[in-house]
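Everything below concerns the one structure shown next.
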Amino acid sequence: MDIGLTTLREEDIAKHLATAHSLVTRTVVLEAAPRDSQTEIAGTRRRFVSTISTSGLRSSREVEFAKTLAAITPADTMLSPAQHNVLFKTRRALAVALAVGDLFARQTGLDSLHSRNATAVLEGEEADRYRMLMEASAYVGAFTAAAYIKQLVEASGEATSDVAAPSFNFATPQDALKGLVAALDAAVAGVPDDVVMGQRVRAAAEAAIDDLLARKARFAGLGPFEETHLRLDADGFELNGFDVAPGARMKPLAMTFKQPHEIVGNHIAKYQAMRLAKMLVTYDFDRQLNPFVELGGFLFTFIGDGAPGTGKTMLIQMTAGLLNGYCQVAGHPFHYENFGVDQISSYQGKSGQNCKLFINNVINPRVIGFGTIDDIDQVAARRSDDRASAGQQEVTAVLMESFAGATTVVRGNCSFGMFSNYPENVDDALRQRAGARWLVDGPQTRDDYIDIFVLLAGKNHKIPLGDHKLYAAQVIREAVAEAYEQYARPQEDGLVAVYERFQKSHGGLKTMTDIGTYLHMIKQAEPRFTGRAIKNITDAIKMRAMDIDLPDDWFEKPETFMRKPYDEKKAMIEELRGPFTMEMVMQEINRYADSEFRYSDRADDAAVEEIIRRERQREKAVKKIGALRAEGQWEV
């Protein structure tokens with residue numbers, strides 16, 4: 001469901017095709033005169049530099065974008081498919097931009113001012129308003145064209161960083177678009193092949209968007225366009241005001257989805273993933289808010305850890321599959337994206353840009369988003385790790401700012417999951433920004449191992465099952481209740497010692513004072529148990545209070561629940577909410593603190609093993625040095 005959606009019509013675009021075609025075939029632009037001479041001084045490779053400033057002078061230049069593209073392959077008189085694609089989409093982008101300019105003119109009253117100015121020159125305040133809106137219209141047109149090219153022109157390989165931003169003239173929309181065409185022409189002039197051409201066209205569009213966003217504060221008439229949501233269905237092009245610089249077009253999700261019954265074990269993680277999927281699709285696109293954010297219990301970030309082969313990937317596939325199914329029923333757009341090691345770049349700053357684009361794609365308030373960072377310990381580095389690459393450090397900084405920074409806004413339309421086999425290697429501050437901890441430990445009991453073998457073996461056999469109730473241990477409610485009960489007492493040795501000291505001196509949790517005392521004792525034993533850890537624990541307790549099983553029939557038809565007004569959805573959820581108990585408090589404290597002690601123990605064990613390895617190397621070195629001295633081959 002698209003709220004406030006404006007659909008561009010083909011007939012509105014077709015009116016501007018002639019103008020767009022003239023811009024890509026032959027146009028004249030005014031540019032700042034170059035300060036350096038283009039003629040070399042005889043006998044040298046230096047060029048003459050005038051002592052007279054020419055910064056205020058402008059010179060005209062003919063731009064023939066179609067001919068520049070054709071010159072890439074001079075031996076062929078016809079454009080290659082890639083060149084034709086760039087030329088066609090550039091022309092299309094210009095026509096779309098002019099159509100959006102018409103829409104902006106109707107929204108702001110610029111069209112009526114333009115008509116009146118054509119008959120009699122406007123004066124005074126009307127002239128100032130006309131000039132202001134005309135410049136804003138030019139800005140909107142240039143931004144739209146650059147966004148279209150960036151979204152729809154595909155390019156492979158590493159992005160280039162040596163493309164100059166356009167020289168814009170915002171007198172009219174056509175003048176602004178001439179500047180964009182001139183920048184595209186300069187970007188592809190002299191490129192060796194079509195691959196580099198595509199990279200440089202996208203880079204020119206990105207440079208144009210960055211330059212326009214930097215200028216945005218100078219334009220006073222852009223307000224009406226801020227909340228505009230535009231779509232061109234034929235091309236799959238969307239424009240959502242100026243909130244975020246548009247990225248690549250979202251492709252249809254291609255993934256092997258898993259159903260909950262296909263995951264054996266991991267009961268708490270599986271249950272919370274199922275709840276998260278239902279929680280996300282309660283998001284209200286009109287209000288741009290989720291009732292669970294207001295009522296408490298919304299899960300914005302989480303971290304899943306476990307040994308290799310315990311089911312982290314299957315958990316991702318299950319969550320994405322449930323969300324995709326619910327969104328198809330409701331008619332909501334769904335976006336899943338994973339950020340991996342392949343997006344770490346050797347170019348300075350590019351890794352951070354890639355990560356920020358990933359974040360922006362997922363948090364887009366007009367989609368239901370699910371983002372994952374698999375192998376987070378390899379993607380984001382500890383800030384104290386001097387062996388980590390600059391790209392990994394950039395990713396760490398972006399994730400920390402995005403997950404709990406000063407500008408982080410949680411609307412309830414998306415969630416981020418970090419997954420790792422070695423979470424102790426993740427930066428402490430980044431790990432604590434995960435609001436929930438999912439221990440993905442795979443099958444554990446005898447029943448779990450029987451169930452998973454029968455599931456994976458299939459039906460191409462006649463081996464009897466034996467004395468076993470198949471999948472009885474996987475009944476989610478009973479399995480989760482048992483899994484939570486085990487946290488009535490802590491599991492890790494370090495926390496067990498703290499728990500026993502508390503029990504001996506206080507006898508158990510009875511009051512808020514007791515809870516604070518227990519938390520303080522944990523802090524004394526584990527310094528990384530900070531105020532953020534307390535916030536994560538209280539959020540988890542609120543989530544347990546909201547541990548309501550939203551009925552499946554609410555998600556079978558969109559009108560039953562998902563498309564109801566926000567206040568009605570909130571009231572329906574509130575009716576199911578219950579209070580949290582002291583048992584929940586103890587379980588959640590122990591669950592979270594257990595994870596911190598587990599990570600510390602792993603890190604300590606790894607450090608101990610490293611010390612032992614170095615000591616063994618030192619002993620071997622001492623023996624070898626002694627043998628060399630005995631042979632007279634050792635000289636200091």
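The values are calculated or read from the model by the stated rules, or taken from the named source; none is laboratory data. If you're wondering where the values come from, they're calculated on a predicted model, not measured in any experiment. Because the Cβ atoms are built from the backbone with ideal geometry, glycine has one as well, and the counts that use them run over all protein chains shown. Accessible surface areas use protein heavy atoms only, side chains included; no ligands, DNA or RNA. Shrake-Rupley method; radii C 1.70, N 1.55, O 1.52, S 1.80 Å.
Criterion first (under 20 Å from residue 430 (Cβ atoms) and modelled with pLDDT under 85) does residue 306 satisfy it?
On the way: under 20 Å from residue 430 (Cβ atoms): yes; modelled with pLDDT under 85: yes.
Answer is yes for this residue.
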Original post:
Of the residues 285, 339, 334, 358, which single one is of a type in the set (Phe, Trp, Tyr) and without any contact (Cβ under 8 Å) to a residue 40 or more places away in the chain?
Top reply: 358
**OP:** State the number of residues belonging to region 346-364 that are open to solvent by less than 20 Å² (accessible area, probe 1.4 Å) and over 18 Å from residue 316 (Cβ atoms).
**Re:** 3
Original post:
Out of (1) free of Cβ contacts under 8 Å to residues at least 12 places away in the same chain; (2) among the aromatic types (Phe, Trp, Tyr); (3) in contact with a helix residue (DSSP H, G or I) (Cβ under 7 Å, 6 or more places away or on another chain), what's the single condition that is false for residue 130?
Top reply: (1)
Original post:
Looking at region 150-169, is at least one residue within 18 Å of residue 237 (Cβ to Cβ), modelled with pLDDT of 90 or more, in contact with a helix residue (DSSP H, G or I) (Cβ under 9 Å, 6 or more places away or on another chain) and open to solvent by less than 20 Å² (accessible area, probe 1.4 Å)?
Top reply: no
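Please go through region 66-87 and pick out each residue that is part of a helix (DSSP H, G or I) and either touching a strand residue (DSSP E or B) at 6+ places or on another chain (Cβ under 8 Å) or more than 24 Å from residue 30 (Cα to Cα) (or both). Break it down stepwise before answering.
Of the residues in region 66-87, the ones part of a helix (DSSP H, G or I) are 66-70, 81-87.
Scanning region 66-87 gives 81, 82, 83, 84, 85.
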Original post:
With (1) surrounded by fewer than 17 Cβ atoms within 10 Å (Cβ to Cβ); (2) over 29 Å from the mean Cα position of the chain (by Cα); (3) assigned to a loop (DSSP other than H, G, I, E, B) as the list, and residue 131 as the residue in question, which single condition is left unmet?
Top reply: (3)
**OP:** Among the numbered conditions (1) open to solvent by less than 10 Å² (accessible area, probe 1.4 Å); (2) over 30 Å from residue 394 (Cβ atoms); (3) within 19 Å of the chain's Cα centre (by Cα); (4) of a type outside the set (Ser, Thr, Tyr), tell me where residue 318 comes up short.
**Re:** (3)
Original post:
Does residue 444 meet the test of being in a helix (DSSP H, G or I) and either buried (at least 17 other Cβ atoms within 10 Å of the Cβ) or modelled with pLDDT under 85 (or both)?
Top reply: no
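If you take the residues of region 397-417 that are among the aliphatic types (A, V, I, L, M) and part of a loop (DSSP other than H, G, I, E, B), which of them is nearest to residue 272 (Cα to Cα)? If you could, list the steps in order and put the result at the bottom.
Let us first name the residues in region 397-417 that are among the aliphatic types (A, V, I, L, M), namely 397-400, 404, 406, 409-410.
Those left that are additionally part of a loop (DSSP other than H, G, I, E, B): 406, 409-410.
Working: 406: 27, 409: 22, 410: 19 Å.
Once the filter is applied, the top-ranked residue is 410.
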Original post:
Restricting attention to region 400-407, does a residue exist that is open to solvent by 50 Å² or more (accessible area, probe 1.4 Å), out of contact with any Phe, Trp or Tyr (no Cβ under 7 Å at 6 or more places or on another chain), polar (S, T, N, Q) and more than 18 Å from residue 293 (Cα to Cα)?
Top reply: no
Original post:
Restricting attention to region 579-587, does a residue exist that is surrounded by fewer than 19 Cβ atoms within 10 Å (Cβ to Cβ), charged (D, E, K, R) and modelled with pLDDT under 75?
Top reply: no
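Would a scan of region 454-464 turn up a residue that is over 30 Å from residue 527 (Cα atoms), in contact with a Phe, Trp or Tyr (Cβ under 7 Å, 6 or more places away or on another chain) and not small (Gly, Ala, Ser)? Explain how you work it out, then say what you get.
From region 454-464, those over 30 Å from residue 527 (Cα atoms) are 454-464; that's our starting set.
If we keep only those that are in contact with a Phe, Trp or Tyr (Cβ under 7 Å, 6 or more places away or on another chain) as well, we get none.
Among the residues of region 454-464, not one is over 30 Å from residue 527 (Cα atoms), in contact with a Phe, Trp or Tyr (Cβ under 7 Å, 6 or more places away or on another chain) and not small (Gly, Ala, Ser), which makes the answer no.
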**OP:** Would you check which residues across region 368-396 are in a loop (DSSP other than H, G, I, E, B), in contact with a Ser or Thr (Cβ under 7 Å, 6 or more places away or on another chain) and open to solvent by less than 50 Å² (accessible area, probe 1.4 Å) and list them?
**Re:** 380, 381
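So is residue 140 open to solvent by less than 10 Å² (accessible area, probe 1.4 Å) and either modelled with pLDDT under 85 or within 24 Å of residue 22 (Cβ to Cβ) (or both) or not? Break it down stepwise before answering.
Values: open to solvent by less than 10 Å² (accessible area, probe 1.4 Å): yes; either modelled with pLDDT under 85 or within 24 Å of residue 22 (Cβ to Cβ) (or both): yes.
Taking the combined requirement at face value, the residue satisfies it.
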Original post:
Any idea which of (1) of a type outside the set (A, V, I, L, M); (2) closer than 23 Å to residue 333 by Cα; (3) open to solvent by 40 Å² or more (accessible area, probe 1.4 Å) is the one residue 425 doesn't satisfy?
Top reply: (2)
Subject >> Count of region 291-336 residues which are assigned to a loop (DSSP other than H, G, I, E, B) and more than 19 Å from residue 362 (Cα to Cα) >> reply: 8
